[in-house]
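Here is the structure we will look at.
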Amino acid sequence: MQLSTHFFMRDFLYSEIANHYGVPNIPENPDLAVEVGKRLCEELLEPLNATFGRIAIRSAYRSPTVNALGNEKGHSCASNDRNHAEHIWDRLDSHGRRGAMACVVVPWFADRYADGADWRSLAYWIHDHLPYSKLQFFPKLAAFNISWHERPVHSIYSFIKPAGYLLREGSASDSFAGYYAGFPEFRGPKLPTT
């Protein structure tokens, strides 16, 4: 199933947890998984791909079974309830809303990060250009979770120093263009960020 110009559903089904434990990582509600996966790809991943070149998917869809196993075995998976409408694309969150999340690496930025670039420059670029819901940055390769949600909260959290929240729901929404000088020009549709 093609979700957008450059992404297919199979790109998001690979799971090291599923492979290691021999558990299938297949959506229980494929229609919902495809619906939200298309939004994630079209509104967030395609513009990243168009602007920075190929992006790498590290982790994305998790079936409830795979996610619960990852949580139980200590593989940095939040509980299923916390991952509904995030990594578990085919379940609604506690408010009955849809969403999808993927952990990605932007190689263009990972090279600069390795040379000392501040992770916040990419976070602010995404904040100013894309209708994301949540971002969570990780130290290795400046990988980050990026989520689409039908009611976005626009929060940015990092496990990279300075760790903690960079922005929370309701934070200032001014442009942060000074942080990402020298970044490529945005390519992709300008979408509403409401």
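The values are calculated or read from the model by the stated rules, or taken from the named source; none is laboratory data. Just so it is clear, the structure is predicted and the values come from calculations on it, not from any experiment. Neighbour counts run over all protein chains shown; Cβ positions are idealised from the backbone, glycine included.
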Selected residue (only one of Phe7, Phe52 is touching a helix residue (DSSP H, G or I) at 6+ places or on another chain (Cβ under 6 Å) and farther than 26 Å from Phe159 by Cα) | Phe7
Of all residues in segment 26-70, which are surrounded by 22 or more Cβ atoms within 10 Å (Cβ to Cβ), hydroxyl-bearing (Ser, Thr, Tyr) and more than 16 Å from the chain's Cα centre (by Cα)?
-> Ser63
Among (1) touching a helix residue (DSSP H, G or I) at 6+ places or on another chain (Cβ under 9 Å); (2) free of Cβ contacts under 8 Å to residues at least 24 places away in the same chain; (3) loosely packed, with under 15 Cβ neighbours inside 10 Å, Lys73 falls short only on (2)
What is the one condition in (1) in contact with a strand residue (DSSP E or B) (Cβ under 8 Å, 6 or more places away or on another chain); (2) closer than 18 Å to Glu35 by Cα that Ile88 does not satisfy?
-> (1)
Single unsatisfied condition, His75 versus (1) of a type outside the set (A, V, I, L, M, F, W, C); (2) within 13 Å of the chain's Cα centre (by Cα); (3) closer than 17 Å to Ala143 by Cβ | (2)
Note on segment 154-186: residues closer than 21 Å to Ala142 by Cβ, more than 17 Å from the chain's Cα centre (by Cα) and of a type outside the set (Gly, Ala, Ser) are Lys161, Pro162, Phe176, Tyr179, Tyr180, Phe183, Pro184, Glu185, Phe186
Under 9 Å by Cβ, and 6 or more places apart or on different chains, what pairs join a residue from segment 5-18 that is at pLDDT 95 or above with one that is loosely packed, with under 14 Cβ neighbours inside 10 Å and basic (Lys, Arg)?
-> His6/Arg54; Ile17/Lys73
